[in-house]
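S.K.: A single structure is presented below for examination.
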Amino acid sequence: MNAEINEGEKKDIYILAIESSCDETAASVVKNGRYVLSNIISSQIDLHTLYGGVVPEIASRKHIENIDAVITEAMKESGKTFDDIDAIAVTYGPGLVGALLVGLAEAKALAYALGKPLVGVHHIEGHISANYIQDVNFEPPYMALVVSGGHTNLVYVEDYGKYEIMGKTRDDAAGEAFDKVARVIGMGYPGGPKIEKAARLGNKDAIKFPHVFLDGDTYDFSFSGLKSAVLNYVNKMNMLGEKIVPEDVAASFQYSVIDVLVTKTMKAAAEKGITKIAMAGGVSANSALREAMQKACDEHGYSLNIPAPILCTDNAAMIGAAGYYEYIAGRRDGLELNAVPNLKLGERI
């Protein structure tokens with residue numbers, strides 16, 4: 001499928017999208033997969049910070065409490081009514097099963113009550129599709145680096161809805177590693193923004209942490225060894241009674257992660273003969289990663305597209321963008337659609 005938006009020649013399509021895969025309750029109205037009329041996000045981050053990470057049961061309960069109000073606000077801000085909506089798009093995986101079920105139940109109820117089509121959306125496909133909102137002229141083919149708390153993937157996007165996963169994490173995702181290292185050096189949760197802020201004040205060359213590329217020509221990632229190296233360094237310094245500079249640890253760790261991410265992305269793009277690079281997921285909001293990727297793209301003569309930070313974290317606008325392309329491709333789901341917490345990209349369940 002090679003979907004193109006040609007306004008003026010066909011009816012505008014309005015998607016009401018719902019996202020509840022982790023700890024953000026979100027709803028959005030998106031026109032033609034590219035234009036965001038509303039994007040309401042209710043974050044639980046302050047609540048989960050008390051526990052040092054997301055507590056699934058609490059996340060599910062808060063979704064139940066918030067979801068009606070979030071959808072009402074999204075519809076109000078969009079200036080549209082339910083009569084204007086062509087389909088209901090909802091994340092059905094991957095994610096926390098309890099959290100996913102809340103959004104699914106709401107989407108099914110709306111689809112049934114309004115007589116609207118239901119379209120299930122893959123969460124990572126949503127992150128990738130945020131690039132279509134950022135640049136309304138952006139289109140496949142391109143190489144996408146997906147980096148978030150639960151996922152690190154190199155994805156060749158051949159066309160809308162057509163993906164080839166070239167590399168994936170074998171253990172910790174990049175965002176997960178950020179959270180764990182932040183905890184080790186006493187920065188707390190959420191780790192990503194705290195590591196990024198501290199790294200600006202540190203020396204990335206102060207500590208020689210491993211840059212794990214793995215053996216052979218694989219595009220897979222592994223960050224568990226790096227995480228262990230940071231822990232070992234901290235333990236060793238404590239045993240020796242030597243001072244630890246958290247900013248240097250943060251900068252050196254972050255540099256190791258970014259070097260691997262950027263190097264493998266450039267290599268994968270060269271193999272596919274692709275000159276367009278996109279980034280997606282919460283970690284793609286990291287300014288040091290953005291700068292390093294831009295520098296590498298400039299050196300290789302590649303273009304780079306990165307969504308605005310609000311579109312990098314979990315949101316429903318990206319689900320609306322992905323849902324639009326699923327909708328015009330003919331995808332329709334029944335009320336039996338269930339949550340799939342380990343759903344693979346490209347899988348259709």
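The values are calculated or read from the model by the stated rules, or taken from the named source; none is laboratory data. Keep in mind that what you see is a predicted model, and the values were worked out from it rather than measured. Counting neighbours? That spans all protein chains shown, and the Cβs are built from the backbone with ideal geometry, glycine included.
S.K.: I'd like the full set of residues that are under 11 Å from Val249 (Cβ atoms) and either among the aromatic types (Phe, Trp, Tyr) or crowded, with 21+ Cβ neighbours inside 10 Å (or both), limited to the stretch 192-206.
M.R.: If the condition is that a residue be under 11 Å from Val249 (Cβ atoms) and either among the aromatic types (Phe, Trp, Tyr) or crowded, with 21+ Cβ neighbours inside 10 Å (or both), then Ile195, Ala198, Ala199, Gly202 are the ones that fit.
S.K.: Mind telling me which of the residues Lys267, Lys204 ends up being touching a residue at least 12 places away in the same chain (Cβ under 8 Å), out of contact with any Leu (no Cβ under 7 Å at 6 or more places or on another chain) and part of a helix (DSSP H, G or I)?
M.R.: Among Lys267, Lys204, only Lys267 is touching a residue at least 12 places away in the same chain (Cβ under 8 Å), out of contact with any Leu (no Cβ under 7 Å at 6 or more places or on another chain) and part of a helix (DSSP H, G or I).
S.K.: Can you tell me which residues in the stretch 143-164 are closer than 19 Å to His300 by Cα and either out of contact with any helix residue (DSSP H, G or I) (no Cβ under 8 Å at 6 or more places or on another chain) or among the small types (Gly, Ala, Ser) (or both)?
M.R.: Passing the criteria: only Ala144.
S.K.: In the stretch 119-130, is there at least one residue being in a loop (DSSP other than H, G, I, E, B), out of contact with any Pro (no Cβ under 8 Å at 6 or more places or on another chain) and modelled with pLDDT of 95 or more?
M.R.: No, the stretch 119-130 contains no residue that is in a loop (DSSP other than H, G, I, E, B), out of contact with any Pro (no Cβ under 8 Å at 6 or more places or on another chain) and modelled with pLDDT of 95 or more.
S.K.: Further, regarding this structure: Give Ile67, Ile58 a once-over and let me know the one that is free of Cβ contacts under 8 Å to residues at least 40 places away in the same chain and assigned to a helix (DSSP H, G or I).
M.R.: Going through Ile67, Ile58 in turn, just one is free of Cβ contacts under 8 Å to residues at least 40 places away in the same chain and assigned to a helix (DSSP H, G or I): Ile58.
S.K.: Where residues in the stretch 207-250 are in contact (Cβ under 8 Å) with a residue 12 or more places away in the chain and small (Gly, Ala, Ser), which of them is nearest to Gly192 (Cα to Cα)?
M.R.: Checked the stretch 207-250; the qualifying residue nearest to Gly192 (Cα to Cα) is Ala250.
Residues are listed down the side, and each one gets a yes or a no for (1) without any contact (Cβ under 8 Å) to a residue 60 or more places away in the chain; (2) surrounded by 13 or more Cβ atoms within 10 Å (Cβ to Cβ); (3) in a loop (DSSP other than H, G, I, E, B); (4) more than 20 Å from the chain's Cα centre (by Cα):
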{"site": "Leu304", "(1), (2), (3), (4)": "yes, yes, no, no"}
{"site": "Leu311", "(1), (2), (3), (4)": "no, yes, no, no"}
{"site": "Asn315", "(1), (2), (3), (4)": "no, yes, yes, no"}
{"site": "Ile319", "(1), (2), (3), (4)": "no, yes, no, no"}
{"site": "Glu326", "(1), (2), (3), (4)": "no, yes, no, no"}
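S.K.: Let me confirm something: among Ala107, Ala113, which residue is modelled with pLDDT of 95 or more, buried (at least 22 other Cβ atoms within 10 Å of the Cβ) and more than 16 Å from the chain's Cα centre (by Cα)?
M.R.: Checking each option against the conditions leaves just Ala107.
S.K.: When you scan the stretch 274-303, how many residues do you find that are touching a strand residue (DSSP E or B) at 6+ places or on another chain (Cβ under 8 Å), aliphatic (A, V, I, L, M) and within 28 Å of Ile18 (Cα to Cα)?
M.R.: Qualifying residue count for the region: 5.
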